Amino acid sequence: MIPGINGEKMKHLVKSSVAAMMLFGAGQASAADFSDPALPSVSSVMSIYGGVQFLDSDDGQFDEDVQFVFGGDAAVAGETWQLEIAGTGLSATDENDDDTGGSHFAAAGHWLSRSQDSTWGVFGGLSHTGFADTDEFAHHVFGGLEFASFGAQSTWFAQGGGIVCAHGECSDTWEAGGFGRVGFRYFPTDHQKFEVDFLAGFGDIDLEGEWSAAWGVEYEHQLNGPFSWFVAYRGHYVEDGNGADEEALSSTALVGFRVDVGTDSLRQRDVEGAGTFNMPDLFRALSWPDEL
């Protein structure tokens, strides 16, 4: 067992992995009938990844600590809908006496209006966040609007909405607020992808919150058939205005693999399949405010 991931959180991760495989299997079953013109087009994609996070916080317990990160996600999409789940586990920080790592699990649905030029939609979902040094947790509800515009070799996308804590230790996390995200993907070929994105959130973070941000860069390369590999960098920031103006900043390096069923290229997956949108990267920062 990875240090810092207790039994309960490991159970959550296993459940999330099983659900991911079920989603992926559903996509495979649909892909078997993909050529049948009487059925709607369905595609699926599944990712697994691992890496290292460098976390620097005003809390001495988290000062310049290193955590191992592992997780995955899966999505199934049709012409007018998309369902997805995602889960991430983090090992405990080096000086964490409680020896408890954080965890994040979420599920969302998207309702889409697609065309070859653009896609817009609405999304909503639920998340479970386990705090980074205790056994406490919080459940959030989130939702919003999204839009993507397709060029010959590129995609612009944007998402905006709100999030609210519905259950658990809500006063120790992001209680309620809004967020906005923008991103850009460039495809040198149909089988290569560069992506950058930035997200900013604001609202009641740890009683008297300030704001949170997430940003990232990813490169993906498709191999022969449905498999691809990717490398990514993710950054997260939280400022806690609860009387001390404390902050936390992390940098995460990831490497992973994807399996894509129902589309022939990364570009087709982006325009027509399960790759147009994913869940906003809200969840890593939800576990931090109480630890600042």
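Across every direction, the projection of the convex hull enclosing the Cα atoms of the stretch 104-244 has a mean area of 9.8 nm².
Fully extending the segment from TRP81 to ASP264 would add 63.9 nm, taking 0.36 nm per residue of separation and subtracting the current Cα-Cα distance.
Across the stretch 233-238, computed HN-Hα scalar couplings (Karplus, 6.51 cos²θ - 1.76 cosθ + 1.60, θ = phi - 60°) run 10, 10, x, 9, 9, 9 Hz from first to last residue, x flagging Gly and Pro. Net length available on complete extension from SER115 to ALA253 is 46.3 nm, with 0.36 nm assigned per residue and the Cα-Cα distance removed.
All of the numbers you see were taken from the coordinates with simple rules; none came from a lab. What you see is a predicted model, and the numbers here were worked out from it, not measured in a lab.
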